[in-house]
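The values are calculated or read from the model by the stated rules, or taken from the named source; none is laboratory data. Please read these numbers as outputs of a predicted model, since none were measured by experiment. All Cβ positions, even for glycine, are placed from backbone atoms using ideal geometry, and neighbour counts span all protein chains on display. SASA here: full protein model, heavy atoms, side chains in, ligands and nucleic acids out. Shrake-Rupley method; radii C 1.70, N 1.55, O 1.52, S 1.80 Å.
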Protein chains: 2
Amino acid sequence: MTAVRNVLFVMCDQLRRDHVSCYGSARVPTPNIDRLARRGVRFDHAYVQSGVCGPARMSFYTGRYVSSHGATWNRVPLSVGEHTLGDYLLTAGRKATLAGKTHVTPDSEGIERLGIDVESQRSALLREGGFTVLDRYDGHTPPGPESGYADFLRARGYSSGDPWSDYVIGVNDGGRFASGWRMRNVHLPSRVAEPHSETAYMTDVALAWIRAQGDTPWVLHLSYVKPHWPYVAPAPFHAMFRDADLGPVLHGVQDGSADEHPVVRAYREHDECLSFRDEAVARHVRPAYMGLIAQLDAHVGRVLDALAEMGRLGDTLMVFTSDHGEFMGDRGLGEKELFYDEIVRVPLIVCDPDPRADATRGSLETHFVEGIDVVPTILDALDIAPSKHRIEGRSLLPLTRRTLHGDAPVAWRDCIYSELDYGFRRARKVLRRGVRECRGTMVRSDAWKYVHWEGFRPQLFDLGVDPQELVDLGGDARYGAERASMRERLFDWMATQKRRPTISDEEVASHTDNHRERGIDIGIW
Amino acid sequence: MTAVRNVLFVMCDQLRRDHVSCYGSARVPTPNIDRLARRGVRFDHAYVQSGVCGPARMSFYTGRYVSSHGATWNRVPLSVGEHTLGDYLLTAGRKATLAGKTHVTPDSEGIERLGIDVESQRSALLREGGFTVLDRYDGHTPPGPESGYADFLRARGYSSGDPWSDYVIGVNDGGRFASGWRMRNVHLPSRVAEPHSETAYMTDVALAWIRAQGDTPWVLHLSYVKPHWPYVAPAPFHAMFRDADLGPVLHGVQDGSADEHPVVRAYREHDECLSFRDEAVARHVRPAYMGLIAQLDAHVGRVLDALAEMGRLGDTLMVFTSDHGEFMGDRGLGEKELFYDEIVRVPLIVCDPDPRADATRGSLETHFVEGIDVVPTILDALDIAPSKHRIEGRSLLPLTRRTLHGDAPVAWRDCIYSELDYGFRRARKVLRRGVRECRGTMVRSDAWKYVHWEGFRPQLFDLGVDPQELVDLGGDARYGAERASMRERLFDWMATQKRRPTISDEEVASHTDNHRERGIDIGIW
């Protein structure tokens, strides 16, 4: 029996792995995330299933690869046919409660087609990706009625029909209002006090709710919208870092050159890349981004303190991660999506309170893990059987619950997969592709990263000699064998994705070769 | 504007292409199917998406490959999330009516999870794969309450709680009852008169219904359960053919040998193969199978005569096909499933009444077509826009509506794909495979047929020199380049299957690069 009664699944939005100090970065001190890491296992090779919010999160919530759950980009609805963490918990009489962001787009067409009563609880769950909503707020647009944040702000004197645009992401520039949408303004502090910021608000909501549960077991997804843009930090975090703290901005040897990959070159025409190709922009924006991370870290500290005070550290599984990273000017790029480690490799910390995990506390785990592993990990911790025919990830508890020395090595995956659909992006038009011809698929092994791009040459990086992925060998004639080998891994992956979602493995096994028991006497002389 | 108002989609069950005379076979004269072919186009390279009823039919009904719709074998439910012909017709206020077999297994778990009222019309449609049921009868088990067949039989004097087992597939063997489940008995006639046989009954049901429609447009799926086993034919069809008519039984050079493919060898341990490896069994059963085909042909003639008499030939699109073929002892195998042409290559005739199709009437069309093409063909004929983001097949009307000489060639596919999941079969146990490790995928080009088998070497046939697929080159070192090339085609196919089912191509196109219109000013300086 496990000691786990509660689950706190914390997600950050657009938090770069190398901006977290327990991942070896000197850029931003994150003492509280580091505290979390000391209580659990930090995974060194944790990758998301897509470098963009929507599909990455749908993989976190379904335990399935993007081409399995089908929500290939932001704004693509999650099919009503997909099962999520909330569904699996429901089979055991549990709920997945949400405070914050999911980026779920409801499958309204599917709900209507199936005649599901839009007022029903089932419809509400389907529209929210299986979560029971305490407070949903996706960030980067004004909070809607699913969130109490706008009212919270107005109650604190931020009088406006849209206090988010006017205060949270607003700044005072020499006495005049200016918007944080403009990156030139993000050196200035938000017009809300720190306790009224997005990160503080959602932490308050979560802690009040956890407190109200008393000894009733719970599963909470606390999902922050920061440090995602708009990059406006409240004081004093807006000014915590300075240009001198930043270190170099990474440039690749092929950046913008004719032999750079065509898809990467097309991404350079996106607004954020046009801005960030000027290194001065990166150096202007980074301190705000880093300040938002420092603020987030402070609230992680509040969460830890509160759980300790409530006596919940001993029976709560904590998962801390991010949906993807951020270029922040590295490679002359802005934003995310492409398959570089700045984007698809994320922090992932699992604090497993079970005594069997004591030996791994504070350790760095190098096995390859993926966003799809979070759902099966949570189910495993709560002793809920996973649906092996649907869930493509695997529980991480065999990695947390082992003695570090002397036990048999855990049989594990040797590759990681991530996908991108850039059909919604300007790059599609630049490259004159049809909307269904914009797929990229990454496979990363110990030594190589290979990206298959529909209609273009692949990308290939030799991680052993080029861990920063500066030299794309995808068109280099000397690496044909390595490309073929990685392509074979992609083939095997595609050929074994889970494509039979409506019947369990156990049912298939029990029905194997049993037609005669059912009165069907095929082929008997 | 098309002249098509009605659609008659006729499917046979387990009808081998080379047992139809307009496909060049001398085995069984099928003058009525040949009449149909003279009115339309017969496709020479028509393949099904799986060599077994359930998955093949779900591809016919959804327009999607098996690994897309997920009903990978018989008894695997069709997910409530899948859209079928009936759904697409419904968007235009039309219905797909069913008389006969679909092999749809309802996704009861999905229906329950979504809280869909089991008494609702939507639930009824979902449980029937989108068809409105006039009479559903899947064959090979006694007809249930969805069919009027049992009552029909009892009303005609076949007194029994189960007149199907006692009469339809029963025979009199020297005054004693014997079951047609036993192949040794199939030289004897059914205990029902021919007009009371399965094929006659379902033809009656269909014709009465069509007649009752008057001038109201309709779409009917007339889906026969024959010549599928039990191979009991009514008189006089049971005795129409004799051993002398049969010709040779095909044997392959590797049949049962150590270098035969392991999956094929494992299939030899299935009951039907154990029986049919004795050529005498094949020669005993084939006349009954052929008689069932001759009977079916006669009823196709009744349908054609009735449509002519009702004046419906000029406004009815007719599609005639089979869900897969049958080994009938060839290669020492029985039944179906494996990727030989006896199984996956089927007859497909499309009679398009539109005057633009006049030039192609009676022609043989050699382009590669697939079962997934039927739904888009029907929608095209009825001027209903297809859902391009879901449907993986394409309309065949560009092939029927062209002048045979002088017009530009139609851009078309150059490969065909078919899939098998043998997780339910004895072969899985013989090969000691897990239930999710039993996938085969075929790609057939003009010159080659290649089958990828998870966990085993591939199969490869050089169709140019070995059209009967007698010599499997899958393990022959001289053909590495050909295997690699075919494997590349499979890679490209898997990488481009339609994996974004919840948003249309048009929506993606209209949303491309439009975030600034939505107030999201990413990355602006």
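Looking at the stretch A:454-471, which of its residues are open to solvent by 40 Å² or more (accessible area, probe 1.4 Å) and within 11 Å of another protein chain (Cβ to nearest Cβ)? Steps first, answer last, please.
Taking the stretch A:454-471 as the starting set, the residues that turn out to be open to solvent by 40 Å² or more (accessible area, probe 1.4 Å) are A:455-457, A:464-465, A:467-468, A:471.
Within the stretch A:454-471, A:G455 is the sole residue that qualifies.
So B:G474 passes all but one of these: (1) over 27 Å from B:A71 (Cβ atoms); (2) of a type outside the set (A, V, I, L, M, F, W, C); (3) more than 12 Å from chain A (Cβ to nearest Cβ); (4) open to solvent by 10 Å² or more (accessible area, probe 1.4 Å). Which condition number does it fail?
(4)
What is the one condition in (1) modelled with pLDDT under 95; (2) open to solvent by less than 60 Å² (accessible area, probe 1.4 Å) that A:V451 does not satisfy?
(1)
Would the stretch B:301-309 turn up any residue that is at negative phi, open to solvent by 40 Å² or more (accessible area, probe 1.4 Å) and within 24 Å of the chain's Cα centre (by Cα)?
Checked against the condition, which is being at negative phi, open to solvent by 40 Å² or more (accessible area, probe 1.4 Å) and within 24 Å of the chain's Cα centre (by Cα), the stretch B:301-309 yields at least one hit.
Which number in (1) open to solvent by less than 10 Å² (accessible area, probe 1.4 Å); (2) away from chain A (no Cβ under 14 Å) marks the one condition that B:P262 misses?
(1)
Please find, within the stretch B:19-71, the residue that is modelled with the highest pLDDT out of those that are among the aromatic types (F, W, Y) and open to solvent by 10 Å² or more (accessible area, probe 1.4 Å).
Step by step, filter the stretch B:19-71, then rank; the result is B:Y65.
What about B:D107, is it in contact with a strand residue (DSSP E or B) (Cβ under 7 Å, 6 or more places away or on another chain), free of Cβ contacts under 8 Å to residues at least 60 places away in the same chain and farther than 27 Å from B:L317 by Cβ?
It is true that B:D107 is in contact with a strand residue (DSSP E or B) (Cβ under 7 Å, 6 or more places away or on another chain), free of Cβ contacts under 8 Å to residues at least 60 places away in the same chain and farther than 27 Å from B:L317 by Cβ.
So B:A509 passes all but one of these: (1) out of contact with any Leu (no Cβ under 8 Å at 6 or more places or on another chain); (2) assigned to a helix (DSSP H, G or I); (3) more than 7 Å from chain A (Cβ to nearest Cβ). Which condition number does it fail?
Result: B:A509 passes all but (3).
Which is more than 10 Å from chain B (Cβ to nearest Cβ) and either closer than 21 Å to A:V7 by Cβ or in contact with a Leu (Cβ under 9 Å, 6 or more places away or on another chain) (or both), of A:L98, A:L125, A:L114? Talk me through it step by step, then tell me what you get.
On the way: A:L125 fails: more than 10 Å from chain B (Cβ to nearest Cβ); A:L114 fails: more than 10 Å from chain B (Cβ to nearest Cβ).
Residue meeting the stated conditions: A:L98.
Looking at (1) within 28 Å of A:K336 (Cα to Cα); (2) more than 8 Å from every other protein chain (Cβ to nearest Cβ), find the lone condition where A:L78 falls short.
Going through (1) within 28 Å of A:K336 (Cα to Cα); (2) more than 8 Å from every other protein chain (Cβ to nearest Cβ) one by one, A:L78 breaks only (2).
Assess whether A:E517 counts as being more than 10 Å from every other protein chain (Cβ to nearest Cβ), part of a helix (DSSP H, G or I) and under 30 Å from B:H270 (Cα atoms).
Values: more than 10 Å from every other protein chain (Cβ to nearest Cβ): yes; part of a helix (DSSP H, G or I): yes; under 30 Å from B:H270 (Cα atoms): yes.
Judged against the criteria, A:E517 is a match.
Exactly one of (1) within 10 Å of another protein chain (Cβ to nearest Cβ); (2) touching a residue at least 60 places away in the same chain (Cβ under 8 Å); (3) among the basic types (K, R) is unmet by A:R436. Its number?
(2)
If I ask for residues that are of a type outside the set (S, T, Y) and over 23 Å from B:H45 (Cα atoms), which ones from the stretch B:305-328 would you list? Don't jump to the end; show me each part of the working.
The initial filter retains those residues of the stretch B:305-328 that are of a type outside the set (S, T, Y), namely B:305-315, B:317-320, B:323-328.
Result: B:D305, B:A306, B:L307, B:A308, B:E309, B:M310, B:G311, B:R312, B:L313, B:G314, B:D315.
Find the helices (runs of 4 or more DSSP H) located wholly in the stretch A:234-328 whose residues include 2 or more that are in contact (Cβ under 8 Å) with a residue 40 or more places away in the chain and under 27 Å from A:V4 (Cβ atoms), and list them.
The helices (runs of 4 or more DSSP H) meeting that bar are A:279-310.
Which number in (1) away from every other protein chain (no Cβ under 13 Å); (2) open to solvent by 20 Å² or more (accessible area, probe 1.4 Å) marks the one condition that B:T91 misses?
Result: B:T91 fails condition (1) only.
Name the one entry in A:A298, A:A244, A:A280, A:A294 that is small (G, A, S) and within 14 Å of chain B (Cβ to nearest Cβ).
Criteria check complete, one pass: A:A280.
Only one of B:E335, B:E279 is within 17 Å of B:G139 (Cβ to Cβ) and not hydrophobic (A, V, I, L, M, F, W, C). Can you tell me which?
B:E335
So that you can scan it fast, the table gives a plain yes or no per residue for (1) over 16 Å from A:H228 (Cβ atoms); (2) among the aliphatic types (A, V, I, L, M); (3) modelled with pLDDT of 95 or more:
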| position | (1), (2), (3) |
| --- | --- |
| A:G291 | no, no, yes |
| A:G301 | yes, no, yes |
| A:H324 | no, no, yes |
| A:V369 | yes, yes, yes |
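Among the numbered criteria (1) in contact with a helix residue (DSSP H, G or I) (Cβ under 9 Å, 6 or more places away or on another chain); (2) more than 14 Å from chain A (Cβ to nearest Cβ), which one does B:G175 miss?
(1)
Could you please find all residues in the stretch A:112-125 being closer than 11 Å to B:G115 by Cα and not charged (D, E, K, R)?
Within the stretch A:112-125, A:L114, A:G115, A:I116, A:S120, A:Q121, A:S123 meet the criteria.
Filter the stretch B:331-344 for residues that are more than 20 Å from B:P55 (Cα to Cα) and either surrounded by 24 or more Cβ atoms within 10 Å (Cβ to Cβ) or within 13 Å of the chain's Cα centre (by Cα) (or both) and give the result. Spell out the reasoning first.
So in the stretch B:331-344, the residues more than 20 Å from B:P55 (Cα to Cα) come out as B:331-333.
Across the stretch B:331-344, the qualifying residues are B:R331, B:L333.
Only one of (1) aromatic (F, W, Y); (2) assigned to a loop (DSSP other than H, G, I, E, B); (3) within 24 Å of the chain's Cα centre (by Cα) is not met by B:F456, so which one is it?
Unmet condition: (3).
Within 23 Å of B:M290 (Cα to Cα) and out of contact with any helix residue (DSSP H, G or I) (no Cβ under 8 Å at 6 or more places or on another chain): which single residue out of B:R136, B:R191, B:R182 fits that description? Explain how you work it out, then say what you get.
On the way: B:R136 fails: within 23 Å of B:M290 (Cα to Cα); B:R191 fails: out of contact with any helix residue (DSSP H, G or I) (no Cβ under 8 Å at 6 or more places or on another chain).
The conditions single out B:R182.
Look through the stretch B:195-233, keep the residues that are outside any helix (DSSP H, G or I) and among the β-branched types (V, I, T), and return whichever of them is surrounded by the fewest Cβ atoms within 10 Å (Cβ to Cβ).
So, considering only residues that are outside any helix (DSSP H, G or I) and among the β-branched types (V, I, T), the one surrounded by the fewest Cβ atoms within 10 Å (Cβ to Cβ) is B:T216.
Taking the residues in the stretch B:484-506 that are part of a helix (DSSP H, G or I) and facing chain A (nearest Cβ under 8 Å) as candidates, determine which candidate is nearest to A:F327 (Cα to Cα).
Of everything passing the filter in the stretch B:484-506, B:A495 is nearest to A:F327 (Cα to Cα).
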